Amino acid sequence: DAKTTQPPSMDCAEGRAANLPCNHSTISGNEYVYWYRQIHSQGPQYIIHGLKNNETNEMASLIITEDRKSSTLILPHATLRDTAVYYCIVTAPNSGYALNFGKGTSLLVTP
Amino acid sequence: NAGVTQTPKFRILKIGQSMTLQCTQDMNHNYMYWYRQDPGMGLKLIYYSVGAGITDKGEVPNGYNVSRSTTEDFPLRLELAAPSQTSVYFCASSYGMGVSYEQYFGPGTRLTVT
């Protein structure tokens with residue numbers, strides 16, 4: 001599976017958009033980009049995923065560059081409850097879509 | 001639906017003891033996974049299963065065994081516990097078909113080996 005690179009930490013003011021970048025320059029054609037988050041010590045929570053098109057759901061938007069080497073997760077109106085560690089993960093069918101978590105980005109949303 | 005349930009929530013083991021961490025899901029998911037998370041680190045995959053009777057190793061399988069005799073259950077066995085196995089263990093499941101393979105995680109089991 002391709003490795004990902006994320007900044008270790010980011011801050012965001014409450015109500016503003018949080019833009020979390022991820023680099024996955026070695027991604028291969030059949031690999032998807034998944035985003036999860038982990039609040040405190042709970043089990044991780046799925047946010048969104050994509051292959052090559054931009055995606056949006058009720059939680060977030062995912063922007064994938066045309067060459068697929070990087071992506072950005074956008075939380076449009078961050079709240080204090082969005083404070084968490086965010087993981088960008090690349091995975092594929094031949095690994096059973098198993099997730100290879102790195103250290104992620106610790107997002108702190110401030111009042 | 002209860003989702004993914006794990007038992008026990010906490011456990012303290014002595015070095016050399018054995019135990020089984022239980023994981024059950026009621027979503028009729030085909031795929032199930034075991035991860036461990038050490039303090040300050042991301043989760044690491046121990047084993048996974050794409051269906052009953054089929055299991056495969058992940059990144060850190062040594063010291064663990066799994067079985068998948070039913071769709072619902074995916075127990076993780078620790079033989080001869082060691083301090084290095086002190087961690088939080090998460091079980092997850094996913095439908096495994098179609099275009100979405102999002103994983104649903106249980107609340108975790110906090111294991112201390114002393």
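All of the numbers you see were taken from the coordinates with simple rules; none came from a lab. Bear in mind the structure is a predicted one, so any value in this text is a computation, not a measurement. A quick note on method: Cβ atoms are made from the backbone with ideal geometry, for glycine too, and the neighbour counts reach across all protein chains shown.
Checking every one of the trypsin sites (Lys or Arg not before Pro) in the stretch A:63-111 against DSSP loop status and a limit of 15 other Cβ atoms within 10 Å picks out A:69, A:103. Counting Cβ atoms of other protein chains within 10 Å of each Cβ in A:38-46 and taking the mean gives 6. Cβ-to-Cβ counts within 10 Å put B:70, A:91 in ascending order as B:70, A:91, the fewest first.
The Cα center of the stretch A:1-73 and the Cα center of the stretch B:45-97 differ in position by 26 Å. Note on B:84-93: average number of Cβ atoms from other chains within 10 Å of each residue's Cβ is 1.
Working note: Karplus 6.51/-1.76/1.60 with θ = phi - 60° gives the stretch A:38-51 the couplings 10, 8, 6, 10, 6, x, x, 10, 5, 10, 6, 8, x, 9 Hz, where Gly and Pro are set to x. I need the calculated FRET efficiency for the pair residue A:13 and residue A:72, taking r as the beta carbon distance and R₀ as 25 Å, to the nearest 0.05. According to the calculation, E is roughly 0.90. Judged by the ratio a/c of the largest to the smallest principal axis of the C-alpha gyration tensor, the stretch B:30-92 counts as prolate, that ratio being 1.5 or greater while a/b is larger than b/c.
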